[in-house]
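Accompanying notes for the structure given below.
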Amino acid sequence: MSESARKRPATAAAWVGADRLHLLHPQHHPSEQQSPIIWSRGEGSTLYDTEGRAYLDGLSGMWNVHLGHGRWELVEAASRQLSTLAFATAYSGATHEPAIRLAEQLRKIAPAGIEAFFFTTSGSEATDTAIRTVRWFWRKEGKPAKTKIIAREWSYHGSTIGAASATGVEEFTAGFGPRERGFVHIPSPYPYRFDGDGDAAADLLEAAILREGPETVAAFIAEPVQGGGGGVIVPPDGYFERIREICSRHDVLFIADEVITGFGRTGRWFALEHWGLAPDIVQFAKGITSGYVPLGGIGVSARIKDALDTAEPDQRWWHGFTASAHPVACAVALETLRIIDEERLVERAAGQGGALLGRLREALGWHPHVGEVRGLGLLAGVELVADRRTRARFAPEFNLASRLRAELLARGLYTRIVNDTICLAPPLTITETDLSRIADIVVDAVEKVCRPKKP
């Protein structure tokens, strides 16, 4: 036995002990690492822990494993690229085939008007890239005062300094000091809790632009469906059409954050297709590689591409990362997009998502503690309330999220509860049987945790 093998923990308890001593987790707190699940493998839509227990993956890992677990085509794509060109810089003056081919492929499926692409390794980096890009663009255009970014409450755009400043969830900045200057937030178009239609919600953006001064506002950033911050908030009819009109009229760039919603998740390649809109920048990550390797990025309009191409050499866009356009990640992305296309998973997500929403609404639409069942494509949320009539939330001492999580896990479903909402985004490849099982588990868990009181 090797020295390294002898040092490995031999039991689950030893693994947990080593984890607690040496590993920091996203949104870290030791109370949640007392008895964590230790994943060992995945197959299709199912994850297995080291004890052999199976869990349906109700959130595609972290909204990203579009093709399910164990797709050997992606492993082989990575292996082929590793064996020929494991890494090479894509900084200005150099390039490589996987990055070129991926940009060409994205141009075919991206929202209307998007012409060129820059690759990062995460959605947070994509957000920071978009923010830096719009500020650089306006300086290039002779309007250096246009630096402010308008975002929305309940939005999630990432955890870096810039991305967290755009994020509209207070927890991501409350413990780290104030947000960076130049970030403004407006209310979310949250149909279940917003008093007004799509036009009224969009008018909040125009009011903010006028209040701040159009000459100071660089961009508006929004998720087509608010996921990780809001709990699957689908916008009201007419909202984004009005948003696009307001941005154009005031010369404010529109950044579409499609990190969760891109690559078939909502039943379209990109969610903005539902409204026929052309953003100035689209940002992406997660599903582009099905989560098998890290990759993100932005796509920009011809207007922005032209500004980048016509800048003087000493005024260029000074931005980049070591792993930008990593050849292995680009190769895996190309294979992921091929599979999504050939297996018609975009269309399948639309059909499967409709079936899931129908089942949940039929089973829970009557429930006095279910405020709303909502979704778009294979992206759904079940929001729970203490009082359906007033839409009041459960008191913190009820511990709704922890109770629900325990019941879901006990029944073999792993997912997240965000903003009192059970979030569902299973792999696009999920079978009808597994999708039906997810719905059954959610219904059973809700009825167990939120059992109606007898009259």
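The values are calculated or read from the model by the stated rules, or taken from the named source; none is laboratory data. Note that the structure is predicted; figures quoted are calculated from it, not measured. Using ideal geometry, Cβ is built from the backbone for each residue, glycine included, and neighbour counts are taken over all protein chains shown. Note: accessible area is taken over every heavy atom of the protein model, side chains too, but ligands, DNA and RNA are not part of it. Shrake-Rupley method; radii C 1.70, N 1.55, O 1.52, S 1.80 Å.
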* Asked: So if R0 is 60 Å, what FRET efficiency would Glu97 and Ala395 give, r being the distance between their Cβ atoms, rounded to the nearest 0.05?
  -> 0.55
* Asked: When only Cα pairs under 8 Å and 6 or more residues apart are kept, what is the percent relative contact order across the range 254-395?
  -> 22
* Asked: What residues have an amide H closer than 5 Å to that of Phe394, excluding those fewer than 5 places away on the same chain, when H is modeled at 1.01 Å from N in the peptide plane?
  -> Ala386
* Asked: In sequence order, what are the phi-derived ³J(HN,Hα) couplings for the range 152-164 according to the Karplus relation 6.51 cos²θ - 1.76 cosθ + 1.60 with θ = phi - 60°, rounded to whole Hz, with x for glycine and proline?
  -> 10, 4, 6, 7, 9, 10, x, 10, 6, 4, x, 5, 5
* Structure fact -> Computed for the chain: size of charge dipole around the Cα centre, +1 on C-beta of each Lys and Arg, -1 on C-beta of each Asp and Glu, debye to nearest 20, value 780
* Structure fact -> HN-Hα couplings for the range 76-83 via Karplus (6.51, -1.76, 1.60; θ = phi - 60°), in whole Hz with x for Gly/Pro, come out as 5, 4, 5, 5, 4, 5, 4, 7
* Asked: What size of dipole, in debye to the nearest 20, comes out for the range 164-286 about its Cα centre when the only charges are +1 on Lys and Arg C-beta atoms and -1 on Asp and Glu C-beta atoms?
  -> 320
* To do: Report the charge-dipole magnitude of the range 260-359 in Debye, nearest 20, computed about the Cα centre from +1 at each Lys and Arg Cβ and -1 at each Asp and Glu Cβ.
  => 460
* To do: Net charge near Leu308: determine it from the other residues with C-beta under 9 Å of the C-beta of Leu308, scoring Lys and Arg +1 and Asp and Glu -1.
  => +1
* Mean separation of Cα contacts under 8 Å (6+ apart) over length of the range 152-226, as relative contact order % -> 29
* Please give the net charge around Asp420, taking every other residue with its beta carbon less than 10 angstrom from that of Asp420, where Lys and Arg add +1 and Asp and Glu add -1. => 0
* **Three-way shape call for the range 246-301 based on the alpha-carbon gyration tensor, with the a/c threshold at 1.5** => oblate
* Structure fact -> From the Cα centre of the range 89-129 to that of the range 23-53, the distance in Å is 32
* Structure fact -> When the charge dipole of the range 386-455 is computed with +1 at the Cβ of Lys and Arg and -1 at the Cβ of Asp and Glu, the Cα pointing farthest to the positive end, of Ala392, Gly412, Val449, is that of Ala392
* Normalise the Debye intensity by I(0) for the chain, one equal point scatterer per Cα, no solvent, then take log10 at q = 0.06, 0.07, 0.08, 0.11 Å⁻¹ and round to two decimals. => -0.27, -0.36, -0.48, -0.92
* Structure fact -> Residue-normalised 222 nm signal for the chain, counting each DSSP H run of n ≥ 4 as -39,500 (n - 2.57), nearest 500 deg cm²/dmol, is -12000 deg cm²/dmol
* Return the percentage of antiparallel bridges among DSSP beta bridges fully within the chain, rounded to the nearest 5 %. => 65
* Could you do me a favour and compute the accessible area per residue for the range 297-455, 1.4 Å probe, result in Å²? => 45
* With all protein chains modelled, accessible area of Arg393 [1.4 Å, Å²] -> 80
* Can you give the relative contact order of the chain as a percent, counting alpha carbon pairs under 8 Å and 6+ residues apart? -> 21
* **Span from the the range 416-440 Cα centroid across to the the range 281-325 one, whole angstrom** => 32
